[in-house]
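Quick notes on the structure that follows.
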Amino acid sequence: MSDRLLKFLFRAAPVRGGLVRIEDAWRQMVTLHDYPPVVTRLLGEMVAAGALLATSIKFNGALVMQVHGDGPVKLLVVECLPDLAIRATAKIAGGGVADDATLRDLINRHGRGRFAITLDPRDRLPGQQPYQGVVPLDGESMADVLQAYMRQSEQLDTRLWLAADEHVSAGLLLQSLPSEGGTAATTDTDAWSRAVTLAQTITSHELLTLAPDAVLHRLFWQEALEHYPEMSPHFACTCSRERIGRMLVSLGRDEVDSIIDEQGSVTVTCDFCNRQYSFDAVDATQLFTRGGTAPADEGTRH
């Protein structure tokens, strides 16, 4: 299996971690778009981080990571579900993107970039809204941005090592857990600093070329670790005709009708998977009168 995520816990120490390596799912995402290599790398690092963070949060719903940039890259989005179904997309302004562009060049050129994480519950209670934390972009790498977010919004000491190219998205996460009940349930007081020191020896090349269990052994072979069941990240898009239909209803009948009058139909392309959904005049009538989103039968068309 090429897409694997390993979770582990240091015994006798409040330190947990995760290792992820995504190949097949990442290549599916890459082939759907033609991003410049530097944007592919940045988005791939976010994909790895999204998988790692999603498995570290006890939450039944979607974790959505967004970068709102003020450079040539205007938007980066990664969505991860509890079963590690992942999708990702980027929006780039016109003009070229240099292969050696830095993160600041790409998304924080004027210092107005923002990073957000949204937790969208799967089964919302009445009146319940998604939780969102937004912070300024802070750092020279995607790992820096995420670590700053976790420090500001979650007050959780987190370290990330991320790597990506057009073939592999990979990452390592370490978190220092708060003591329970105000007392430290540990006999290994140096575990956090030791774990970070060991993890800092990992290279991007190793993350991209070694299997997760090989990285785990390479870094922590002398540590006593508790292992959790392995997980399998995979690409899946949650777009649907029903969702697009609800979006069109929110636009209003007049707006939809005006587009159909001009273009013959409304066609919406999913930014994540490039699937197209088309609604003609008959579909629109069905949508606004009965709430149905299935394409109208040929017999009903005139």
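The values are calculated or read from the model by the stated rules, or taken from the named source; none is laboratory data. It should be emphasised that the depicted structure is a prediction, and the values quoted were computed from it without experimental measurement. Here the Cβ is made from the backbone with ideal geometry for all residues, glycine too, and neighbour counts use every protein chain on show. Surface areas here come from the heavy atoms of the whole protein model, side chains and all, with no ligands, DNA or RNA. Shrake-Rupley method; radii C 1.70, N 1.55, O 1.52, S 1.80 Å.
Taking the Cα centre of region 39-186 as origin and charging only Cβ (+1 Lys, Arg; -1 Asp, Glu), how large is the dipole, in debye to the nearest 20?
So the dipole magnitude of region 39-186 works out to roughly 400 debye.
Subtracting the Cα-Cα distance from 0.36 nm times the residue separation, let me have the gained length for Ser204 to Thr289 in nm, one decimal.
Full extension of this stretch gives 25.1 nm more.
Could you sort Ser2, Ser204 by accessible area so the largest value comes first, with the probe set to 1.4 Å?
Ser204, Ser2
With r as the distance between the Cβ atoms of Arg253 and Phe59 and R0 = 41 Å, compute the FRET efficiency 1/(1 + (r/R0)^6) and round to 0.05.
It comes out at approximately 0.65.
Given only helices, namely DSSP H runs of n ≥ 4 each adding -39500 (n - 2.57), what is the per-residue ellipticity at 222 nm of the chain, to the nearest 500 deg cm²/dmol?
-9000 deg cm²/dmol
For the chain, what is the charge dipole size about the Cα centre, in debye to the nearest 20, if Lys and Arg each add +1 at the Cβ and Asp and Glu each add -1 at the Cβ?
Roughly 520 debye, rounded to the nearest 20.
Would you mind counting up the charge near Leu19? Only other residues with Cβ under 12 Å from its Cβ, with Lys and Arg at +1 and Asp and Glu at -1.
+2
Where in the chain are the DSSP H helices whose C-alpha atoms run 24 Å or more along the long axis and whose mean Kyte hydropathy is at least 1.6?
none
Here are labelled values, [x] 19.4; [y] 21.2; [z] 20.2, and one is the computed Kirkwood radius over Cα pairs in Å for what I pasted. Which one?
[y]
State the extension gain, in nm to one decimal, for the chain segment bounded by Asp120 and Ser232, taking 0.36 nm per residue of separation less the distance between their alpha-carbons.
Full extension from Asp120 to Ser232 adds 38.2 nm.
Counting only protein chains, not ligands or nucleic acids, how are Lys58, Lys7 ordered by accessible area (probe 1.4 Å), most first?
Output order, biggest surface exposure first: Lys58, Lys7.
Any chance you could look up the accessible area of Phe272 with a 1.4 Å probe, heavy atoms only, rounded to 10 Å²?
For Phe272, the solvent-accessible surface is approximately 30 Å².
Calculate the spin-label point distance for Ala211 paired with Gln152, positioning each point 7 Å from the Cα along the beta-carbon direction, and give it in nanometres.
Once both label points are built, they end up 4.0 nm from each other.
Would you kindly find the accessible area of Tyr277, with a 1.4 Å probe and non-protein molecules such as ligands, DNA and RNA excluded, rounding to the nearest 10 Å²?
Counting only protein heavy atoms, the figure is 10 Å².
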